[in-house]
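Encoded as structure tokens, the structure appears first; notes follow it.
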Amino acid sequence: MKIPNGHEVIQLFEQFSPKGLAMEGDKIGLQIGRLNKKVERIMIALDVLENVIDEAIEKNVQLIIAHHPIIYRPLKNLLTDSVQGKIIEKLLKHDIAVYAAHTNLDVATGGVNDLLAEALELENTEVLVPTFETILKKLVVFVPVSHAEEIRRVLGNAGAGFIGNYSHCSFSGSGTGRFLPGENTNPFVGEAGRLEEVEEVRLETVVPESILKKTITAMIKAHPYEEVAYDVYPLENKGEVLGLGRIGKVPEMTLEEFAEKVKKTLDVSHVRVVGDLSAKVKKVAVLGGDGNKYFMNAKYQGADVYVTGDIYYHTAHDAMMQGLNMIDPGHNVEKVMKKGLSAILQKMCQDSGFAIEIFPSEENTDPFQFL
């Protein structure tokens, strides 16, 4: 096990939550500090407030990965006697870097909205608001029969060959490979200056464009040949559709019963409810954060209730007129990402051989109190 630097951890994290999934103009990525340092302790936070920073200092954290950006609007100045300036000064003095993953973490498979859907026990979930479609490529590589199984395994483990809920999908065909090694070569089979024929396997698989370079690198590293023969083709096949929010089904219950479930599973003391409390609920849409402008997406997809935060007064009226029930548990329920992301990233680091501790912030950053 090795102690990674910040760049290595973030490269791994961005395989899970790529920057390209973020909504246009979103403030994501490294916002404060540096990544060219050893990182042994990472804290996952919803917000980066002073109490969270004090917690990070106390726990000797080198990197905070936060859902909400600490810098959202451009800074005109950095005054250390201001509240924001004091916070940033404290981070810099203790060499704590802050990386923000906002809407890309909302959209990512396994991200905020999947974690909310999982907490609410939604079944057969689909994307509520499509924002991104994965571009697929066909990767073809020619490999000697003796190494075909190893290359299949390497490609699958790198993320190639995913079709729906199936992984490690590939196709093989046999044939004869021919090559003439030139001077100063060290061929795996044959010798320089002599035409060689080898029984080879043609392996084909699909690869998301976002991980194509990584997949090819892994394949070349495992391949026995000095010069690897491979082809990449564009595909018109539709890839995985990603986006904001999720919609799925629950066992039938009343709106009042489901509201109680929301309170319990999302750990909130109060929710705001729009609609008839005796109405039946079977299909549920959920979108973390402020989902006001997407309530008609929930209506069009047949949701009986839409769970989202920060519901506006007039949005509630509009939903009532459309016959859509709504539940507002607050913006802070996105805190589910703290434990969820900690577990996901810890496993990714462990699988990569990184000696690192990743844990959720325990500080409360909800600005609201209910009396």
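Within the set of other residues whose C-beta is less than 12 Å from the C-beta of Val262, count the net charge using Lys and Arg as +1 and Asp and Glu as -1.
Working: positive: Lys261, Lys263, Lys264, Arg272; negative: Glu121, Glu256, Glu257, Glu260, Asp267, Asp328.
Neighbour charge sum, excluding Val262 itself: -2.
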### Task
Kindly write out, for segment 70-81 in residue order, the coupling ³J(HN,Hα) from the Karplus curve 6.51 cos²θ - 1.76 cosθ + 1.60 (θ = phi - 60°), rounded to whole Hz, with x marking Gly and Pro.
6, 10, 9, 10, x, 7, 7, 7, 9, 9, 6, 9
### Query
What is the set of long-range amide H partners of Glu357 at a cut-off below 5 Å, with H atoms built 1.01 Å from backbone N?
Arg41, Ile42
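Given Cα positions, please report Rg to Rh for segment 1-154, the hydrodynamic radius being the Kirkwood one.
Working: Rg = 19.5 Å, Rh = 18.1 Å.
Radius of gyration relative to Kirkwood radius: 1.07.
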### Query
Does anyone have the angle between helix 6-16 and the longest principal axis of the chain? Alpha-carbon axes, 0 to 90°, nearest 10?
80
### Query
Pro130: net charge of surrounding residues, Cβ under 14 Å, Lys/Arg +1, Asp/Glu -1, itself excluded?
-2
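Give me D for segment 266-355 in µm² s⁻¹, whole number, from Stokes-Einstein with Rh from the Kirkwood sum over alpha-carbon pairs, 4 °C and 1.567 mPa s. Write down the numbers at each step before the final one.
On the way: Rh = 14.5 Å.
Taking Rh from Cα pairs, D becomes 89 µm²/s.
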### Message
Springs between alpha-carbon pairs under 10 angstrom, Gaussian network model over the chain: which of Gly177, Gly193, Gly288 fluctuates most?
### Response
Gly193
### Query
Which of Ile135, Ile163, Ile28 moves most in a GNM of the chain, Cα contacts under 10 Å?
Ile163
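Determine the sum of side-chain charges near Val141: Lys and Arg each +1, Asp and Glu each -1, restricted to other residues whose C-beta is under 14 angstrom from that of Val141. Could the numbers behind the result be given before it?
Values: positive: Lys137, Lys138, Arg152, Arg153, Arg202, Lys221; negative: Glu149, Glu150, Glu200, Glu204, Glu227, Asp231.
Overall, the nearby charge balance is 0.
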### Task
Report relative contact order for segment 166-308 in percent, whole number only (criteria: Cα-Cα under 8 Å, sequence separation at least 6).
17
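Using packing as a proxy for protection, rank 201-207, 58-64 so that the peptide with the highest average count of other Cβ atoms within 10 Å comes first. Mind showing how you got there, number by number?
Numbers: 201-207: 20.7, 58-64: 18.7.
Top to bottom by mean Cβ count within 10 Å: 201-207, 58-64.
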### Message
Checking the table Lys59/Lys221; Lys59/Lys214; Lys221/Lys338; Lys214/Lys347; Lys263/Lys338; Lys86/Lys338 against a 27 Å threshold on Cα-Cα, which pairs fail?
### Response
Lys59/Lys221; Lys59/Lys214; Lys221/Lys338
### Query
For segment 1-69, what relative contact order do you get, as a whole percent, if you take Cα pairs closer than 8 Å and at least 6 residues apart?
36
### Message
With every atom except the alpha carbons ignored, what do you get for Rg and Dmax of segment 1-77, in angstroms?
### Response
13.2, 43
### Query
What's log10 of I(q)/I(0) for segment 54-139 at q = 0.13, 0.23 Å⁻¹, Debye sum over Cα points only, no solvent?
-0.66, -1.13
### Query
Taking the highest mean first, how do the peptides 36-48, 10-22, 265-277 order by number of other beta carbon atoms within 10 angstrom per residue?
36-48, 10-22, 265-277
### Task
For segment 154-240, just the Cα atoms, rotate onto the principal axes and tell me the three extents in Å, largest first.
47, 24, 21
### Task
Any chance you could give the angle, 0 to 90 degrees and rounded to 10, that helix 83-93 forms with the longest Cα principal axis of the chain?
30
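Mind jotting down a quarter of the surface of the convex hull over the alpha carbons of the chain, in square nanometres, one decimal?
Details: hull surface 94.5 nm².
Hull-based average projected area comes out at 23.6 nm².
Do you know the relative contact order of the chain, to the nearest whole percent, from alpha carbon pairs under 8 angstrom that are 6+ apart? Write down the numbers at each step before the final one.
Numbers: 746 pairs, mean separation 75.2, N = 371.
Across the chain, relative contact order equals 20 percent.
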### Summary
Computed over the chain: longest principal axis from alpha-carbon atoms vs helix 148-157 long axis, angle to nearest 10 degrees, is 20
### Query
Can you give the helix-only mean residue ellipticity at 222 nm for the chain, where every DSSP H stretch with n ≥ 4 adds -39500 (n - 2.57) and the sum goes over all residues, rounded to the nearest 500 deg cm²/dmol?
-8500 deg cm²/dmol
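Coordinate-derived values only; no laboratory data. What you see is a predicted model; the values in this text were computed from it and never measured. Virtual Cβ from ideal backbone geometry, glycine too; neighbours counted across all protein chains shown.
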